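Here you go, one structure.
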């Protein structure tokens, strides 16, 4: 088994980009402006640039900012012209700052495109009030963008020992690699808190696990979540199962939903590996899922256990879930005793995907912690996982 050590520190950026700043373009830092250097106001970090009131400002310099505060001198036509030119060249909200601004100047700057006009020297309270609407609009846009990008894929299994985690890790690594080509991320959370070994099957040696997030309680945020994940070379981020077995009920509904939804905001698409035994939080997460993959085997006992779980889902008013059945260790000759019609009769739905029965190739991939194609590029398994990846992406409405 190869082991890949995780990075010692977490990335400071999020999937949607670096945290936007508020840029201050002032001719001096007198008064409270000096206190604002490297501070945060309305939730934004501030960055100060000392420039003359009429010195040109390149619109590209503020293109990634949340807003910019630009000093204007009322008695300097070049200074006023600079503000007007900048306002016409960028969609970034601009706040004009001036000493004792007259009503006429305020009106002229607002007509030129100023979001607001604040007096100099800068006052923290004034700046906070001016930036608050910008913060709220940015938060609304971010929430809307995240909602359109976030996806949850739940993976449940008919019973233990059918290779469901192996199937999931192969799907998730392939999915993450393809998502990375489009600038998107994917995460796998191993919620099998008693027997989970997704990280182990990927050859990873996690420094932190799910239990660290549970212990952190309300302190869990995006930065801590990223610090807890273990990266795989495919680009997949894994939240590993606890090192020590923990009771299923030790994870509450609120904790499970909070961790998963935070991961969705951070990474976009999140795969969750469920334990074999059902819990209240299992049902809560299923209800939140965009897609559910049910992994089973082509045997009477496994299919009947799968049917019992599908019946449970239906009994909880979750019959509208998008559930796709994956048959693992599939062999074409299996249909000698079981016909496709038998499967549909038992499960009440058709098989969506099959995974070929190739024990040697799958075992080698698990032993080395790598995707199937690194073991045997042209294989039935590789083809099957490519089809599943494409099917999952299509079901989630992702542009590939």
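Considering only residues of the range 263-283 that are in a helix (DSSP H, G or I) and surrounded by fewer than 18 Cβ atoms within 10 Å (Cβ to Cβ), which is nearest to the chain's Cα centre (by Cα)? First the steps, then the outcome.
So in the range 263-283, the residues in a helix (DSSP H, G or I) come out as 263-267, 280-283.
Still in the list and also surrounded by fewer than 18 Cβ atoms within 10 Å (Cβ to Cβ): 280, 283.
Numbers: 280: 24, 283: 21 Å.
Ranking the candidates gives 283 first.
In this structure, is residue 248 closer than 24 Å to residue 283 by Cβ, in the same structural domain as residue 353 (by TED's automatic domain parsing) and at pLDDT 95 or above? Step through it out loud before you land on a result.
Details: closer than 24 Å to residue 283 by Cβ: yes; in the same structural domain as residue 353 (by TED's automatic domain parsing): yes; at pLDDT 95 or above: no.
When the stated conditions are applied, residue 248 does not pass them.
Go through (1) in contact (Cβ under 8 Å) with a residue 40 or more places away in the chain; (2) surrounded by fewer than 20 Cβ atoms within 10 Å (Cβ to Cβ) one by one and return the number of the condition residue 392 breaks.
Here residue 392 clears every test but (2).
Would you check if residue 331 is more than 26 Å from the chain's Cα centre (by Cα), within 20 Å of residue 236 (Cβ to Cβ) and surrounded by fewer than 20 Cβ atoms within 10 Å (Cβ to Cβ)?
On the way: more than 26 Å from the chain's Cα centre (by Cα): yes; within 20 Å of residue 236 (Cβ to Cβ): no; surrounded by fewer than 20 Cβ atoms within 10 Å (Cβ to Cβ): yes.
Taking the combined requirement at face value, the residue does not satisfy it.
Scan the range 170-186 residue by residue and report those that are over 20 Å from residue 293 (Cα atoms) and touching a strand residue (DSSP E or B) at 6+ places or on another chain (Cβ under 6 Å).
The initial filter retains those residues of the range 170-186 that are over 20 Å from residue 293 (Cα atoms), namely 180-184.
Across the range 170-186, the qualifying residue is only 184.
With the structure loaded, tell me whether residue 302 is farther than 26 Å from residue 179 by Cα and surrounded by 17 or more Cβ atoms within 10 Å (Cβ to Cβ) or whether it fails that test.
yes
Another question, then. Take residue 322 and tell me if it is touching a strand residue (DSSP E or B) at 6+ places or on another chain (Cβ under 9 Å), touching a residue at least 12 places away in the same chain (Cβ under 8 Å), surrounded by fewer than 20 Cβ atoms within 10 Å (Cβ to Cβ) and within 25 Å of residue 276 (Cβ to Cβ).
On the way: touching a strand residue (DSSP E or B) at 6+ places or on another chain (Cβ under 9 Å): yes; touching a residue at least 12 places away in the same chain (Cβ under 8 Å): yes; surrounded by fewer than 20 Cβ atoms within 10 Å (Cβ to Cβ): yes; within 25 Å of residue 276 (Cβ to Cβ): yes.
In short, yes.
Quick check: anything in the range 284-299 modelled with pLDDT under 90 and surrounded by fewer than 16 Cβ atoms within 10 Å (Cβ to Cβ)?
No, the range 284-299 has no match at all.
Please return the ranges of helices (runs of 4 or more DSSP H) entirely within the range 340-393 where 2 or more residues are under 15 Å from residue 296 (Cα atoms). Let's see the steps before the verdict.
Values: elements: 340-347, 359-368, 372-375.
Here the list reads 340-347.
Would you check if there is a residue in the range 2-9 being buried (at least 18 other Cβ atoms within 10 Å of the Cβ), at pLDDT below 85 and over 30 Å from the mean Cα position of the chain (by Cα)?
Step one: list which residues in the range 2-9 are buried (at least 18 other Cβ atoms within 10 Å of the Cβ), which gives 6.
Checking the rest, the ones that are also at pLDDT below 85 come to 6.
Subsequent filtering for residues that are over 30 Å from the mean Cα position of the chain (by Cα) retains none.
Checking the range 2-9: not a single residue is buried (at least 18 other Cβ atoms within 10 Å of the Cβ), at pLDDT below 85 and over 30 Å from the mean Cα position of the chain (by Cα).
While we're on this one: Going by the conditions given, is residue 121 more than 30 Å from residue 325 (Cβ to Cβ), crowded, with 19+ Cβ neighbours inside 10 Å and in contact with a helix residue (DSSP H, G or I) (Cβ under 7 Å, 6 or more places away or on another chain)?
Details: more than 30 Å from residue 325 (Cβ to Cβ): yes; crowded, with 19+ Cβ neighbours inside 10 Å: no; in contact with a helix residue (DSSP H, G or I) (Cβ under 7 Å, 6 or more places away or on another chain): yes.
So residue 121 fails the test.
crowded, with 24+ Cβ neighbours inside 10 Å and not in a helix (DSSP H, G or I), is that true of residue 162?
Details: crowded, with 24+ Cβ neighbours inside 10 Å: no; not in a helix (DSSP H, G or I): yes.
Taking the combined requirement at face value, the residue does not satisfy it.
Could you list, in sequence order, all residues of the range 168-212 that are surrounded by fewer than 24 Cβ atoms within 10 Å (Cβ to Cβ), touching a helix residue (DSSP H, G or I) at 6+ places or on another chain (Cβ under 8 Å), touching a residue at least 24 places away in the same chain (Cβ under 8 Å) and assigned to a helix (DSSP H, G or I)?
If the condition is that a residue be surrounded by fewer than 24 Cβ atoms within 10 Å (Cβ to Cβ), touching a helix residue (DSSP H, G or I) at 6+ places or on another chain (Cβ under 8 Å), touching a residue at least 24 places away in the same chain (Cβ under 8 Å) and assigned to a helix (DSSP H, G or I), then 174, 178, 201 are the ones that fit.
The values are calculated or read from the model by the stated rules, or taken from the named source; none is laboratory data. Fair warning: this is a prediction, and the values are worked out from it, not measured in the lab. As a convention, Cβ positions derive from the backbone with ideal geometry for all residues, glycine included, and neighbour counts pool all protein chains shown.
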